[in-house]
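Below you'll find the structure, written out as structure tokens, and then a few comments.
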Amino acid sequence: MINTANGVMSTSSSATAQSPGLKTYFKTPEGRYKLQYEKTHPSGLLHYAHGKTVTQATLAHLKDKPAPSTPTGPSSSFSAGSGVRSAAVRLLGGGNGSRALSFVGGNGGSKSVSGNGKVGSLGSSSSSISMATSNFDGKGTYLIFNVGDTIFISDLNSQDKDPIKSIHFSNSNPVCHAFDQDAKDGHDLLIGLNSGDVYSVSLRQQLQDVGKKIVSAHHYNKDGSVNSSRCTSVAWVPGGDGSFVGAHADGNLYIYKKGKDGAADTSFPVIKDQTQFSVAHARYSKSDPFARWHICQGSINSIAFSTDGAYLATIGRDGYLRVFDYSREQLICGGKSYYGALLCCSWSMDGKYILTGGEDDLVQVWSMEERKVVAWGEGHNSWVSGVAFDSYWSSPNTDGNEETIVYRFGSVGQDTQLLLWDLQQEEIKVPLRRPPGGSPTYSTGSQSSHWDNAVPLGTLQPAPSILNVPKISPLAAHRAHTEPLSGLIFTQESVLTICREGHIKIWTRPCVAESQSSNS
């Protein structure tokens, strides 16, 4: 295994020219995915005063402005990252790929940015920005990504490689972000910082005010007042009317609610047992955050809500996937990786499966019905840093028989590879028992009748034996970048790959690429 988590990273300033040895396409059973264009950052705006951080990316779809004369735009929103994944990426769910994701949420309201705090000094730079947005029409799809101490925003539908806006954080690095397209009062973008601070802003207002300071930002956990450890992941609660969650490197997770001024005491009791899951609520109703979940010892690396918001998955440095009933604040199930930390996770659209990836180079497929790992994907040569279901893909051989469900998903790793996988429900063979001295037996179809259903609620499964988990192989493997990858995002027309250095490539699907070729 190759450990590149703290390795030397390239400082190449442009991804416009395709690197030598990298192909501009890759083959799948459906045809070729072709490199359409790339996105990156202007080298003159990079600042590494606070050290380097891994680039994460979020796709944000802004609807038309809510005016009677304005037509309604299409709806989609996505996100990706290393341990990552922000709330928008929760869309990356699969099923038969026939549905697009829509999130419900809103904004959290707290203190406005003063500009005088430890991290509160924010600036917006446009010195090297290639596009002006004074005529911004209030809709479109935008790519949000962090590099160094800067958040960049690019127009996904433009082939210009440079972003249209940058937001500079003077005293800390942004490390995670999440977008909620259905925010009711404008604050739709969350940004978590290395210092533990969290901001909520209106993406539309930022785009309208290029070159000015960040507009109407609300500041949470200011100067690390509640938790000073790194904010590793943020997520809007689907259907949560503006609630959002922030996870931290010390194993704690906090829940915030919009409309709270945050002036009340936000202290929480001392955690008695660091090894056990526990929930504590603030003493005052106006406190924000109003709840703390202690998840584990060590860092929470990523969090992900199921599409309906019923369940919250967390993965951590201790190698465990944990699944919680969010409304009941209850640990439901979970299990350990084969080896090392878990770095990323993603739900299928129907909530039946969870993908995880990490330091064991494996892609794990976790079944909610079975409450255990039902398949391992072998194909990466280094840590798996991003996983996602392709909710837009459907099998070319679909014949309307609902008994045959194929899930398409993707993974990226520090080996610079993008892998695509197919998982067919009826083909998952689940080991039943391994008799002493004998070989394991298998079953297909409905496995729940074969497993012991007496596993107590909240039980964390140990690492499975390598002999007891079915293995699957990728249907496509492609070296997409020269640098380690940190995430991927599926859209209706393409798949995006993101590298740690802040370079993003857009690969068009075979049907889109063929259509473009025929029209040229």
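The values are calculated or read from the model by the stated rules, or taken from the named source; none is laboratory data. Quantities reported herein were computed from a predicted structural model and do not represent experimental measurements. As a convention, Cβ positions derive from the backbone with ideal geometry for all residues, glycine included, and neighbour counts pool all protein chains shown. Each accessible area value is taken on the protein alone, full model and side chains, heavy atoms only, with ligands, DNA and RNA left out. Shrake-Rupley method; radii C 1.70, N 1.55, O 1.52, S 1.80 Å.
For the stretch 384-389, putting each phi into the Karplus relation 6.51 cos²θ - 1.76 cosθ + 1.60 with θ = phi - 60° gives couplings of 8, 10, x, 9, 6, 7 Hz, in residue order, rounded to whole numbers and with x for Gly and Pro. Counting only heavy atoms of the protein chains and using a 1.4 Å probe, R479 has close to 110 Å² of accessible surface.
3J(HN,Hα) along the stretch 182-199, derived from phi through the Karplus expression 6.51 cos²θ - 1.76 cosθ + 1.60 where θ = phi - 60°, amounts to 9, 4, 7, 10, x, 6, 10, 10, 9, 9, x, 10, 4, 7, x, 5, 10, 10 Hz, with x in place of Gly and Pro. Dipole orientation for the stretch 234-319: of the candidates W236, F268, S285, S285 has the Cα lying most toward the positive pole (charges on Cβ; Lys, Arg +1; Asp, Glu -1).
Taking every C-alpha pair closer than 8 Å and separated by at least 6 residues, the mean separation divided by the residue count of the stretch 329-392 gives a relative contact order of 32 percent.
Near S494, the amide H atoms lying under 5 Å from its own belong to R509; only residues 5 or more places off or on other chains count, and H is placed 1.01 Å from N. Any of K27/K471; K139/K161; K165/K257; K27/K165; K471/K505; K139/K165 with alpha carbons more than 24 Å apart? Name them for me. Too far apart for the 24 Å limit: K165/K257; K27/K165; K471/K505. Here r is the Cβ-Cβ distance between S327 and K23 and R0 is 45 Å; the resulting FRET efficiency, rounded to 0.05, is 0.45.
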